[in-house]
Each structure stands twice: as C-alpha cells, then as structure tokens.
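The values are calculated or read from the model by the stated rules, or taken from the named source; none is laboratory data. These numbers were taken from a predicted model, which means no experiment stands behind them. Quick reminder, even Gly has a Cβ in these numbers, built from the backbone with ideal geometry, and neighbours come from all protein chains shown. Accessible surface areas use protein heavy atoms only, side chains included; no ligands, DNA or RNA. Shrake-Rupley method; radii C 1.70, N 1.55, O 1.52, S 1.80 Å.
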Amino acid sequence: MPMMPSALEEAEVSNVFTSLVNPTGITIVPCSPTAKPLKTITDVKTALQQGRKQDLKYILRNNAWPVDHPIRNQLWPLLCMQHQNEKSSNSIEGFYWEMVKQVFGTMELPDKPINLPPFVEPSHCHSYYLTHKGRAAVDRVVSVLGYAYPDIVYSPTIYSICALLLHFISEEECYNCMVCLVVCKEKTFITQTKLLYEVTWKTVMQISKKHVKGPAVFLQRHCNSARAERIYVDWIWWIFQGLPFQHLIRIMDCFFHEGIKVFYRTAMAILILFYKNSSAPTSEYQAEIQKNGVESALLKFCKEMPVTPQKFLKVAFGIRGLSSAYISRVFIRTEMVLKSKTVISGSRQLVRSRSSENLPNSQSQNNIQMVSHTLTIRELLTLWSWLPVRITMYTPILLYTTEEHGCSLTTFYVRVEQHEPTLLLIKTCNNEVFGAYCSSRWCERNQKDQRGNRQAYFGTGETFLFSLYPERAKYPWVGIDADRVEHGAELFMAADTKMITIGGGEGQAIWMDENIRFGKTDRCTTFNNPPLCPKGDFEIRVLEVYGFATEQ
C-alpha cells in the first residue's frame with residue numbers, strides 16, 4: 001500500500017512552482033509505479049555537453065516528469081540557453097531589470113494594466129495558473145521584448161510561452177529564455193510576422209492531408225473547404241488554449257529543445273485522437289459536431305483529452321515519415337508561394353514599411369550602397385524580395401570583397417566561413433551580375449561523415465541561385481516542388497582549398513577557382529537553372545559576400 005505524502009512533502013510540491021502561481025487548481029498526474037526511474041537534470045546536462053542531441057531528444061520525449069516535478073526550474077533555462085547566439089549574449093545578469101527601468105521608469109510592478117505590444121493577440125493572452133501578480137509579470141516581460149525587438153510584427157504565441165515559463169522560473173530568467181528563442185536562426189521557435197504565421201497553419205494543413213489522411217478527410221467532411229481552412233488557422237490554439245496543463249507542460253519539455261516541429265506533431269496527434277474518438281455515431285463529439293460544429297467539438301475534445309500526456313506524446317512522435325527535412329521543405333515551399341503573392345500584390349506599394357513588405361530599411365540600403373560594386377538600389381530591392389522573410393529583419397554586412405581583401409580563397413574562408421547564411425554576388429568582366437543565397441556555413445566543408453570521410457556537399461534546400469543582369473530571375477531548389485528528389489538534386493554547396501561550387505548533378509551552377517579569378521556556370525540538377533551568363537565561362541571582376549548582422 002503506497003504511503004501518503006507527509007506535510008513536508010506537500011510543501012515541497014508547492015515549492016516547485018514560483019510565487020507567481022496559484023497551484024490549487026493544477027491537476028497532478030503521478031508517475032506510473034511500473035515506470036522506469038526518471039532521468040535527472042545531470043543526465044540532461046551530460047547529453048547536452050557531449051553533443052548527444054538524439055539521446056537528449058529521446059530523454060525529453062520519454063521521461064514523463066509530472067507537472068510538479070522539480071526538474072523544470074533548471075531544465076527549461078538549460079534547453080533555451082543552448083540556442084543563444086551573439087544576439088542573445090545581452091542576457092547577462094541584471095540586463096533585464098535595466099531594460100525594465102528604461103521602459104517603465106521603475107522596477108516596481110505597475111498597478112494599472114500595461115498596453116501590450118501590437119504583436120500580441122489580445123483574445124489569446126492565456127496566463128494559465130498565474131496569479132494577478134504573475135499576469136502583470138508576463139505583461140512586463142512581453143512589453144520589454146517588444147521594446148528590445150521592434151521587428152516582431154505578429155507573434156501570437158509569445159504571451160502563452162512567457163506565461164508557462166513563469167510557472168517554473170523567475171521573471172529575469174523568463175526574459176533571457178525568450179530572447180534565445182526569438183533570435184535563434186538555426187531552428188524556428190517563434191514566428192514573428194503575419195506571413196510566417198500563415199505559413200505555419202498552411203504547413204500543418206498540408207502535412208496533415210498527407211500523413212494523417214483519415215482525420216483530415218473527417219474534418220473536411222464536416223465543413224466546406226473554406227471552413228476547413230479556417231479550422232487550421234487556429235491550429236496553435238488547439239494546443240495553447242485546448243490541451244490540459246499537464247499535457248502542455250510535457251509538450252513544452254520537447255519544444256524548448258526541438259522547436260516548432262513539436263507543435264506540428266502535437267496538432268496532428270490531436271487530429272488522430274479526435275478522429276478515433278469522434279467517428280462512432282454514438283460519440284459525444286459527434287453530437288457536439290451536429291449541435292455546434294466541428295471546431296467546437298475539436299476544442300472540447302482537446303480540453304477533455306482522454307489519454308495521458310505520455311500516451312499523447314507517443315502518438316505525436318509515432319507518426320511515420322514525418323522528417324524534419326520534409327517539414328522544412330513544405331514550410332519553405334509555402335513561404336515562397338505566399339511571399340511571391342505578397343510581392344506581386346504589393347509591387348505598386350513599395351513605399352510601405354518593411355514590416356509588411358520585408359523591404360530593406362534605410363540603414364540596410366545605405367550599408368550596401370556605400371560598399372557594393374555590383375548592386376543598384378533596384379537590384380537590391382529585387383534581391384531582398386527573394387530572401388527568406390526572417391532574414392530580411394537583419395542588416396546586411398559586407399564580409400568579403402575582392403576589391404578590398406584580395407583574390408584568395410584562403411582569405412575568403414577566414415572572413416566568411418563562420419557566417420550563416422551568406423549572400424554571394426559575382427560581377428563578371430562582361431558586367432553580368434549573378435550569385436547565390438547560401439543557407440549553411442562554409443566551414444561545414446570540413447565536416448566528416450560516420451566513416452571519417454570529408455563530406456563533399458553540404459547545405460539545405462533554402463539555398464537558391466539568382467541572376468540580376470542582364471536577366472532577372474530566381475532559381476530555387478527543385479525539391480521545393482517535389483516530395484522526393486534524386487540525390488543529384490541535393491548537391492547544394494561544396495568547397496575545398498582549390499575551388500567553390502554551388503549546385504550539382506549534370507553540371508555546376510557556379511564554380512570558382514582558388515584565385516577567385518575564373519569561373520564557369522552550367523545547368524545543374526539541383527536548381528534546374530540555365531547557365532547564369534551566356535558563354536558559360538566567365539572572368540570575375542568583383543566577388544562580394546554579405547552576412548546578416550543580428551544586432552538591430
């Protein structure tokens with residue numbers, strides 16, 4: 001017979017949460033007596049320090065720490081801080097409180113409600129089990145984030161994520177964690193524009209239709225296509241508004257390590273379980289569908305989630321064939337389609353702010369105009385419209401130019417290899433202008449495979465080619481329009497001490513020699529591009545390489 005917890009143990013449970021929480025309404029689901037011993041924070045730290053990302057992923061997915069487990073006040077900051085970069089290095093002790101004083105003139109919590117930044121969704125400021133003081137703390141963290149990162153235009157999840165963090169960690173730690181998630185470029189944690197939020201729900205809709213067809217068809221059957229789209233628009237609120245607190249906390253354990261793809265899997269798991277529990281004619285959810293519609297039934301199901309958090313995660317991470325590469329491909333393809341529509345529809349309104357049209361700000365334009373030997377302002381605007389939306393928020397900086405740094409591949413690597421992404425611009429002696437957006441660091445040329453051999457090619461499907469003069473065209477990766485591509489179409493970037501190559505398979509889109517003097521361009525399988533200059537062979541007049549500064 002299990003022993004009843006002592007008064008001391010009950011006090012320890014309440015101490016798991018911060019003083020900003022009222023824990024009386026939180027449902028505690030204890031671990032199963034037959035479960036394996038749970039991993040400790042030491043196990044997590046060891047996996048992180050040794051770079052065992054797969055092991056860490058397994059630990060987070062499979063250790064069912066209950067809501068009141070004391071691990072999270074160390075676990076969540078540890079997971080968030082692994083994503084910090086030079087932009088998030090301002091998260092030093094006391095920095096947040098200096099920002100609070102700067103924004104509000106005092107470090108005291110205000111008595112009156114704060115005017116939240118415009119990127120917040122006012123109807124979805126979910127504070128969960130925070131007290132009045134806790135909600136004021138969320139308001140303050142979100143407001144300081146809005147002040148520190150004015151390029152955040154629309155980000156409905158920021159408020160909820162802040163609120164969840166404040167259940168387990170201090171206000172200052174919460175801000176520092178959020179900075180790491182906001183500025184992280186290697187993974188997506190938080191969308192920061194309306195366009196990117198639209199990309200997320202369209203991505204959920206597309207991958208659901210392919211990987212959970214039955215549930216997707218079930219949704220479609222109970223409403224017309226326009227209405228079905230409307231349901232997917234609210235996909236993130238199935239999670240943050242609908243799911244029980246204990247399920248949401250376990251999802252966040254994984255999210256802080258893996259990023260937004262955890263939410264995609266979560267949404268699909270909801271659809272799978274909803275379908276399973278609603279398809280019988282006698283189901284209470286069928287009755288709800290008939291009475292109030294499928295949206296209402298779906299939210300009711302989320303709130304009453306009939307499986308444990310661990311069973312739920314097992315369904316989410318058990319969806320087969322849903323690789324990160326596939327999700328990324330769907331995301332990039334959707335972003336490009338939507339951005340193309342935005343550019344076309346907004347081409348007559350180029351005077352609008354860069355927040356809505358993702359145009360380079362005046363500082364970016366001045367930076368490039370002062371140093372570039374290749375770009376006119378018109379070409380800059382064209383090129384900017386082709387960049388991934390998140391990159392347009394940063395300021396371009398000239399990393400390398402043959403005009404100033406000489407014609408040496410060694411110098412090129414020294415100045416460029418640690419930056420990601422980079423923009424290569426070539427101006428030939430015949431005045432042709434073309435280049436490539438390179439998604440990965442050039443230092444990856446030195447990485448080795450499992451057998452110890454240096455990998456010939458590296459990079460991702462975000463890489464693309466472009467031509468600015470005399471032709472103006474963009475050549476994205478062919479895999480964006482295909483679910484499967486041959487190996488020859490995944491050859492993005494290659495480099496060694498003798499040459500640089502971009503694109504491969506039946507030819508090289510751009511090849512340059514070690515002296516950065518001569519090059520050639522052919523059609524290649526990766527981008528299905530024509531030669532970027534008429535003769536194919538070219539002599540380089542100027543090579544410029546730009547990075548993107550993460551300082552505002």
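For (1) out of contact with any Ser or Thr (no Cβ under 7 Å at 6 or more places or on another chain); (2) open to solvent by less than 10 Å² (accessible area, probe 1.4 Å); (3) under 17 Å from F412 (Cβ atoms); (4) outside any helix (DSSP H, G or I), each residue gets a yes or a no:
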| site | (1), (2), (3), (4) |
| --- | --- |
| K474 | yes, no, no, yes |
| G488 | no, no, no, no |
| G505 | no, no, no, yes |
| N515 | yes, no, yes, yes |
Name the residues in region 490-503 that are small (G, A, S) and either farther than 24 Å from E335 by Cα or surrounded by fewer than 19 Cβ atoms within 10 Å (Cβ to Cβ) (or both), would you?
A494, A495
For G547, are the conditions met, namely being open to solvent by less than 40 Å² (accessible area, probe 1.4 Å), assigned to a loop (DSSP other than H, G, I, E, B) and touching a Pro at 6+ places or on another chain (Cβ under 9 Å)?
no
With a cut-off of at least 3 residues that are free of Cβ contacts under 8 Å to residues at least 60 places away in the same chain and closer than 19 Å to E121 by Cβ, name the helices (runs of 4 or more DSSP H) lying wholly within region 199-304.
225-233
Assuming S467 fulfils every condition listed in (1) hydroxyl-bearing (S, T, Y); (2) open to solvent by 40 Å² or more (accessible area, probe 1.4 Å); (3) closer than 24 Å to S385 by Cα apart from one, which condition is it?
(2)
Scan L381, L322, L375, L359 and give me the residue that is outside any helix (DSSP H, G or I), modelled with pLDDT of 65 or more and under 25 Å from I426 (Cα atoms).
L375
Pairs, first among the β-branched types (V, I, T) in region 326-337, second open to solvent by less than 20 Å² (accessible area, probe 1.4 Å) and at pLDDT below 80, C-beta under 7 Å, six or more apart
I332/I480
Index of the failed condition, Q192 passing every other in (1) under 22 Å from P77 (Cα atoms); (2) without any contact (Cβ under 8 Å) to a residue 60 or more places away in the chain; (3) not in a helix (DSSP H, G or I)
(2)
Just checking, does region 405-413 include any residue being buried (at least 21 other Cβ atoms within 10 Å of the Cβ) and either in contact with a His (Cβ under 7 Å, 6 or more places away or on another chain) or not in a loop (DSSP other than H, G, I, E, B) (or both)?
yes
Applying the selection to region 495-534, what residues are of a type in the set (F, W, Y) and without any contact (Cβ under 8 Å) to a residue 60 or more places away in the chain?
W511, F518
So Y128 ticks every box in (1) within 29 Å of P388 (Cβ to Cβ); (2) open to solvent by 30 Å² or more (accessible area, probe 1.4 Å) but one. Which box is left unticked?
(1)
